[in-house]
1. Report, to the nearest 10°, how far helix 19-50 tilts away from the longest principal axis of the Cα atoms in the chain, using its own Cα long axis and a range of 0 to 90°.
2. Using a 10 Å cut-off around each Cβ, can you sort LEU83, LEU61, LEU89 from fewest to most neighbouring Cβ atoms?
3. Would you look at the GNM of the chain, springs on alpha carbons closer than 10 Å, and say which of LEU36, LEU23, LEU112 moves the most?
4. Helix 52-62 versus the longest principal axis of the chain: what is the Cα-based angle in degrees, 0 to 90, to the nearest 10?
5. Would you please state the base-10 log of I(q)/I(0) at q = 0.20 1/Å for the chain, with intensities from the Debye formula using one equal scatterer on every alpha carbon?
6. At a 10 Å Cβ-Cβ cut-off, how would you order ARG87, ARG6, ARG28, fewest neighbours first?
7. Give me SER26, SER77 sorted ascending by neighbouring Cβ count inside 10 Å, so fewest comes first.
Amino acid sequence: MATDNRPLSPHLQVYRPQLTSVLSISHRFTGIINSLGLIVVVAWLASLAAGPEAYEQIVGLLSHPVGIIAMAVWTFSLFYHLLNGIRHLIWDAGWMLDLKGAYASGYAVVGLAFVLTLLVWGVIL
C-alpha cells in the first residue's frame, strides 16, 4: 500500500469542548438516565400491584439517601431533557440559530432545569 504524505485529520483531543457540544452530549446522556429512571417507575408500579410488603420495600429503597439523590438527579434529567427538546424545536422553527442565541438558550435550559428541580424538591421535602 502506498503511503501518502497527506496530513491526518485532527483527533478529538485538539478540540476544546464548546457549550453547544457539551449540551448536545448531555441531551443524549439525560435520555439514557430518563430510560433508567422509568425502569424504577415501573418497579414502583409493580410493587403497588404486588402488595403492601413489596411496596414498603421499594419505598424503603427510594427513601434511602442514595435513593433520594438518584430521584433528584432523575428529576433534573427530566427537566433538562424536556427544556433542551423545546430548545431544539425552537431551532427547528429557525429561531435563535446564531451563536449568541444558541449560547443564551443553552444557559437558559441549564438554569431553568436547576430552578425547576429545586422547586419540585422544595415542595416534596
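1. The answer is roughly 20 degrees.
2. LEU89, LEU61, LEU83
3. For the chain, modelled as a Gaussian network with Cα springs under 10 Å, the answer is LEU36.
4. Its long axis makes an angle of about 40 degrees.
5. Listed by q, the Debye log ratios stand at -1.13.
6. Least to most surrounded, the residues fall as ARG6, ARG28, ARG87.
7. On the way: SER26 18, SER77 22.
Ascending Cβ contact count within 10 Å gives the list SER26, SER77.
Read-outs throughout are calculated quantities, based only on the coordinates presented, and are distinct from any laboratory measurement. Since the structure is predicted, the reported quantities are computational estimates derived from the model, not experimental observations. Neighbour counts run over all protein chains shown; Cβ positions are idealised from the backbone, glycine included.
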